[in-house]
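The block underneath contains the structure these notes are about, expressed in structure tokens.
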Amino acid sequence: MKHDVCNRNDLSLLLDAFYTKIRANEEIGHFFNESIQDWDSHLEKLTDFWENNLFAVRKYYGNPIKVHVEVDENFNHTINPNVFGLWLNLWFETLEELFEGENVEILKRRARKMGTVLMVNIFENRGIVNQE
Ligand code: HEM
């Protein structure tokens, strides 16, 4: 029987499974494999982020917009909506494989919304020169 995402431990399981898929993905894995050196601390940070997001625990103090704009710069502005679409498909797939419930739907909605915000900010940062 599947249950809902209830606590930090559930989020850890989710993020472990999700980033295992991400890293193995032929189209988008390289963005992560080439950027992230220490996966243990990255997963810890992402667990803080989602715990903060879902359970209102003040643990994450980063700036995801800045981080993703920088990743796009590092990869010569090759992050596009397709990349975000693939990321979101894997997020939905992993959530549905492991859990079910209200928080699953909240995690889907929040990631979709955040993906839109990140993509718009990436485009804005490129400016007019890179829009051709
Ligand atoms: C809706 C989608 C996404 C969400 C919610 C999300 C969330 C996050 C968060 C919270 C962090 C940690 C930021 C920090 O260091 O404080 C992060 C890091 C990162 N994200 Fe995303 N992300 C999303 C999509 C993507 C996509 C599509 C890419 C593809 C290029 C990506 C690549 C990365 C990389 C490479 C890092 C690590 C950067 C570094 O530490 O050098 N993310 N993401």
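The values are calculated or read from the model by the stated rules, or taken from the named source; none is laboratory data. Remember, it's a predicted structure, so these values are computed and weren't measured experimentally. For accessibility, only protein heavy atoms count, side chains too; no ligands or nucleic acids. Shrake-Rupley method; radii C 1.70, N 1.55, O 1.52, S 1.80 Å.
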key: Table column - 3J(HN,Hα) (Hz), segment 53-64, Karplus curve with 6.51, -1.76, 1.60, x for Gly and Pro   = 5, 8, 10, 6, 9, 6, 10, 9, 10, x, 10, x
inquiry  = Just to confirm, what accessible area per residue do you get for segment 8-125 at 1.4 Å probe, in whole Å²?
reply    = 57 Å²
key: Cα-based convex hull volume of segment 8-125 per residue, rounded to whole Å³   = 101 Å³
Stokes-Einstein D (µm²/s) once Rh is taken as the Kirkwood radius of segment 70-132 over alpha-carbon pairs, at 37 °C in 0.692 mPa s = 253 µm²/s
message = Residue by residue through segment 84-101, what is 3J(HN,Hα) from phi via Karplus (6.51 cos²θ - 1.76 cosθ + 1.60, θ = phi - 60°)? Round to whole Hz and write x for glycine and proline.
response = 5, x, 5, 4, 5, 4, 5, 4, 4, 4, 5, 4, 6, 5, 9, 9, 8, x
inquiry  = Can you tell me which of LYS21, LYS66, LYS108 moves the most in a GNM of the chain? Springs connect C-alpha atoms under 10 Å apart.
reply    = LYS66
query = Of the heavy-atom accessible surface of the chain (probe 1.4 angstrom), what whole percent is carbon and sulfur?
reply = 51 percent
message = For a test of understanding, tell me how many lysine pairs in segment 8-125 have Cα atoms under 17 Å apart, given they are 8 or more places apart or on different chains.
response = 4
inquiry  = Could you work out how much longer the chain between HIS3 and GLU27 gets when fully extended? Use 0.36 nm per residue separation minus the Cα distance between them, nm to one decimal.
reply    = 5.6 nm
